[in-house]
Amino acid sequence: MNENEVVLIQPPIPKSIQKEYISVQMPINLGYIASSLIQCQAKVTINDFVINLYNKEFFLDRLKEKQPILVGFTSVTCSIPFVNLISKHVKMFNPKIHTVLGGAHASSLPLETLSELKCIDFIVVGEGEITIKELYKEILGNQDYHMVKGIAFRDKDTGEPFITPKRELINDLDAIDFNAFDLFEVEKYRRAH
């Protein structure tokens, strides 16, 4: 594994829901998470499977090329089955890759989501910009995840889901790095209002 490589994923949205969309927007949350990871010297790739059809073989080839230490997902509730599927593919490829899930669904139901998604190692609860930096540093370092605020994970001794204390909200939004728009295929996003 390459400890500098991180892959971030927006999973597909079911076609039955997607056909009702007026437009497809960039997952700017992943852009902010990418910026935070770049501050930690990570090399980040974003895969948006809302605009690019998910293909298992293509994705596994990308994993083989990148050899990431971490694969992160964002998700709304309707995409959780895809997170489950893709995270299984990640763990089949290499069970040592750390998998992280954030977003609205995971933040609302962190322990339940962790229990349901056996191939997800960590849930980021709430704002992830600071949390992902600390988690990434712990993955590379001491692996004392109990010290990272705002995450849920399975305790390595008991195997039971564990949630750390809440992370404080970021009050100074100017302290957040600018979104990593350069990691997106901007031309693929459309607006049809």
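The values are calculated or read from the model by the stated rules, or taken from the named source; none is laboratory data. Here the structure is a predicted model, which means the values were calculated and not measured. Heads up, the Cβs are rebuilt from the backbone with ideal geometry, glycines too, and the neighbour counts pull from every protein chain shown. The area values use the complete protein model at the heavy-atom level, side chains included, leaving out ligands, DNA and RNA. Shrake-Rupley method; radii C 1.70, N 1.55, O 1.52, S 1.80 Å.
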Exercise. Which residues, counting only those in segment 79-127, are more than 19 Å from Ile46 (Cβ to Cβ), within 15 Å of the chain's Cα centre (by Cα) and of a type in the set (A, V, I, L, M)?
Worked result: Ile80, Leu114, Leu117, Ile123, Val125
Seminar exercise, completed: Residues in segment 59-88 that are in a helix (DSSP H, G or I) and either open to solvent by 20 Å² or more (accessible area, probe 1.4 Å) or closer than 16 Å to Ile132 by Cβ (or both) total 13
Seminar exercise, completed: Restricting attention to segment 1-54, the residues that are of a type in the set (Lys, Arg) and either part of a helix (DSSP H, G or I) or at pLDDT 90 or above (or both) number exactly 2
For this session: Being open to solvent by 30 Å² or more (accessible area, probe 1.4 Å), part of a helix (DSSP H, G or I) and free of Cβ contacts under 8 Å to residues at least 60 places away in the same chain is the filter here, so list the residues in segment 125-142 that pass it.
Result: Glu134, Glu138
Seminar exercise, completed: Just one listed residue, out of Pro27, Pro68, Pro95, is free of Cβ contacts under 8 Å to residues at least 12 places away in the same chain and either under 18 Å from Ile139 (Cα atoms) or touching a strand residue (DSSP E or B) at 6+ places or on another chain (Cβ under 6 Å) (or both), and it is Pro95
